[in-house]
Amino acid sequence: MTKKESGIIFDKVAIIGIGLIGSSIAKAIKKTQISNNISGYAKTHKTRQKVRELGYIDCVENDLVSAIKDADLIILCVPVGSNREILQEISSSLKKGSILTDVGSVKAEVIHQISDLIPHGVSFIPGHPIAGTEFSGPESGFAELLEDKWCILTPYGDFDKNSLNKVKSFWERIGMLVDIMEAEQHDLILAITSHIPHLIAYNIVGTATDLEKVTKKQVTQYAAGGFRDFTRIASSDPIMWRDVFLNNKEAVLEMLGRFMEDLTDLQKAIRWKDGKKLEELFTKTRKIRQGIIKEEKERSSK
Ligand code: NAP
């Protein structure tokens, strides 16, 4: 549902961290021409070299302050545990009137970590484009990753409405659907829809490869559809996901508590051969899947 508007929204955009999400955003900006100039900062020489070779960022800098110089929009695209150290370095060099945003999968803790470092005259509008793959790094991004997906913005406190609208337009112009909510609500929703599914995947793959009576070779050799899907999810970037769990601790633990209660119910149903209970749940979940597919089809046909 890409809006058919045109024109520049931000003269210069700085992308800090050029992995899956940073490179996808850069490519989407190029595709939609919503900025004249993209600068980028990558931590390692290897990533900077790769990004220069690929050419989707106009100017790749070795240092943070040069990357954000004169930028109107600065987007933090690094693992959420790294945001504060970056802000400490760039805070005093942010241009007056500029907008800072981020793409972190956790929102309340990111706000907590960096809000005291936002200088007067700069707006911070936290965000999370809910789009991803199991791949990471500067070669993995593509503009279409972000199209027709949701982006959640979580403005807080006495935020500037103009800045919120500009950030909203930015994501909409690159093809995203934008929703606005409280950071805590975002974190609870994402805990159950994304963070716990990843935890389950990491755990099941770990358990399966740690069994005594089944060899590792048997696990990989006979990996059927379900387990293969789990291994795909469990191959996601270790640092990014470490930071997600450490920074969304409360919401993940709350949802994990609910999940484990329901899992114990299922365990009981299997033990007591309660087929009705299993069938009821599996029928309900099949309908949920069908509903999701239907909604996606309706959205993309609009
Ligand atoms: P990624 O592909 O692993 O890229 C992360 C980038 O951050 C890398 O380019 C890395 O630089 C850089 N970086 C790491 N630590 C840094 C530091 N201390 N200072 C500066 N740069 C640093 O990760 P990603 O998937 O793009 O994730 C980035 C952010 O997007 C995370 O906050 C994540 O929560 C969020 N997010 C991810 C997804 C997803 O599915 N992957 C979806 C939505 C949002 P080097 O390459 O130089 O090491």
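The values are calculated or read from the model by the stated rules, or taken from the named source; none is laboratory data. What you see is a predicted model; the values in this text were computed from it and never measured. Virtual Cβ from ideal backbone geometry, glycine too; neighbours counted across all protein chains shown.
Do you know which residues across segment 232-277 are in contact with a helix residue (DSSP H, G or I) (Cβ under 7 Å, 6 or more places away or on another chain) and within 16 Å of the ligand (Cβ to nearest atom)?
I233, A234, S236, W241, D243, V244, F245, L246, N247, N248, A251, V252
Kindly establish whether P138 is within 12 Å of the ligand (Cβ to nearest atom), in contact (Cβ under 8 Å) with a residue 12 or more places away in the chain and in contact with a Cys (Cβ under 6 Å, 6 or more places away or on another chain). Don't jump to the end; show me each part of the working.
Details: within 12 Å of the ligand (Cβ to nearest atom): yes; in contact (Cβ under 8 Å) with a residue 12 or more places away in the chain: yes; in contact with a Cys (Cβ under 6 Å, 6 or more places away or on another chain): no.
Judged against the criteria, P138 is not a match.
Give just the number: which of (1) loosely packed, with under 12 Cβ neighbours inside 10 Å; (2) at pLDDT 95 or above; (3) more than 26 Å from I189 (Cβ to Cβ) does D274 not satisfy?
Only one criterion is unmet by D274, namely (1).
Are any residues in segment 229-280 among the acidic types (D, E) and either within 30 Å of V80 (Cβ to Cβ) or not in a helix (DSSP H, G or I) (or both), and if so, which ones? Show your work before the answer.
First, pick out the residues of segment 229-280 that are among the acidic types (D, E): 229, 237, 243, 250, 254, 261-262, 265, 274, 279-280.
Those that are among the acidic types (D, E) and either within 30 Å of V80 (Cβ to Cβ) or not in a helix (DSSP H, G or I) (or both): D229, D237, D243, E250, E254, E261, D262, D274.
Starting from segment 9-29, take each residue that is within 19 Å of S105 (Cα to Cα) and list its partners that are surrounded by fewer than 24 Cβ atoms within 10 Å (Cβ to Cβ) and among the small types (G, A, S), counting only C-beta distances under 6 angstrom and pairs at least six apart or across chains.
If the second residue must be surrounded by fewer than 24 Cβ atoms within 10 Å (Cβ to Cβ) and among the small types (G, A, S), the pairs left are G19/S136; G19/G137; L20/S136; L20/S140.
Considering only segment 120-130, how many residues are more than 13 Å from the ligand (Cβ to nearest atom) and either farther than 20 Å from I86 by Cα or in contact with a helix residue (DSSP H, G or I) (Cβ under 6 Å, 6 or more places away or on another chain) (or both)?
To start, the set of residues in segment 120-130 that are more than 13 Å from the ligand (Cβ to nearest atom) comprises 120-125.
Subsequent filtering for residues that are either farther than 20 Å from I86 by Cα or in contact with a helix residue (DSSP H, G or I) (Cβ under 6 Å, 6 or more places away or on another chain) (or both) retains 123, 125.
Selection size over segment 120-130: 2.
Looking at segment 159-206 only, could you name the residues that are closer than 25 Å to E144 by Cα and in a loop (DSSP other than H, G, I, E, B)?
I174, G175, M176, M181
Could you tell me how many of the residues in segment 141-151 are within 10 Å of the ligand (Cβ to nearest atom) and crowded, with 18+ Cβ neighbours inside 10 Å?
4
How many residues are near the ligand (Cβ under 9 Å from one of its atoms) and touching a Lys or Arg at 6+ places or on another chain (Cβ under 8 Å) when one looks only at segment 19-36?
Going through segment 19-36 one residue at a time, the tally reaches 0.
Can you tell me which condition A67 does not meet? The list is (1) out of contact with any strand residue (DSSP E or B) (no Cβ under 9 Å at 6 or more places or on another chain); (2) under 22 Å from D237 (Cβ atoms); (3) at pLDDT 95 or above, and all the others hold.
A67 satisfies all of (1) out of contact with any strand residue (DSSP E or B) (no Cβ under 9 Å at 6 or more places or on another chain); (2) under 22 Å from D237 (Cβ atoms); (3) at pLDDT 95 or above except (1).
Quick check, is S39 more than 10 Å from the ligand (Cβ to nearest atom) and either part of a strand (DSSP E or B) or buried (at least 24 other Cβ atoms within 10 Å of the Cβ) (or both)? Quick ask: steps written out before the conclusion?
Numbers: more than 10 Å from the ligand (Cβ to nearest atom): yes; either part of a strand (DSSP E or B) or buried (at least 24 other Cβ atoms within 10 Å of the Cβ) (or both): yes.
Considered against the rule, which asks whether it is more than 10 Å from the ligand (Cβ to nearest atom) and either part of a strand (DSSP E or B) or buried (at least 24 other Cβ atoms within 10 Å of the Cβ) (or both), S39 comes out as yes.
A quick yes/no check of all residues on (1) near the ligand (Cβ under 8 Å from one of its atoms); (2) under 18 Å from A183 (Cα atoms); (3) acidic (D, E):
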position: D58; (1), (2), (3): no, no, yes
position: D63; (1), (2), (3): no, no, yes
position: R84; (1), (2), (3): no, yes, no
position: E89; (1), (2), (3): no, no, yes
position: T101; (1), (2), (3): no, yes, no
position: G104; (1), (2), (3): yes, yes, no
position: K107; (1), (2), (3): no, yes, no
position: Q113; (1), (2), (3): no, yes, no
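Pick out the one residue from T133, T47 that is of a type outside the set (K, R), surrounded by fewer than 16 Cβ atoms within 10 Å (Cβ to Cβ) and within 9 Å of the ligand (Cβ to nearest atom). Lay out the reasoning, then the answer.
Working: T47 fails: surrounded by fewer than 16 Cβ atoms within 10 Å (Cβ to Cβ).
Result of the check over T133, T47: T133.
Identify, by number, the condition in (1) more than 30 Å from E109 (Cα to Cα); (2) surrounded by 10 or more Cβ atoms within 10 Å (Cβ to Cβ) that S235 doesn't meet.
With respect to (1) more than 30 Å from E109 (Cα to Cα); (2) surrounded by 10 or more Cβ atoms within 10 Å (Cβ to Cβ), S235 is out only on (1).
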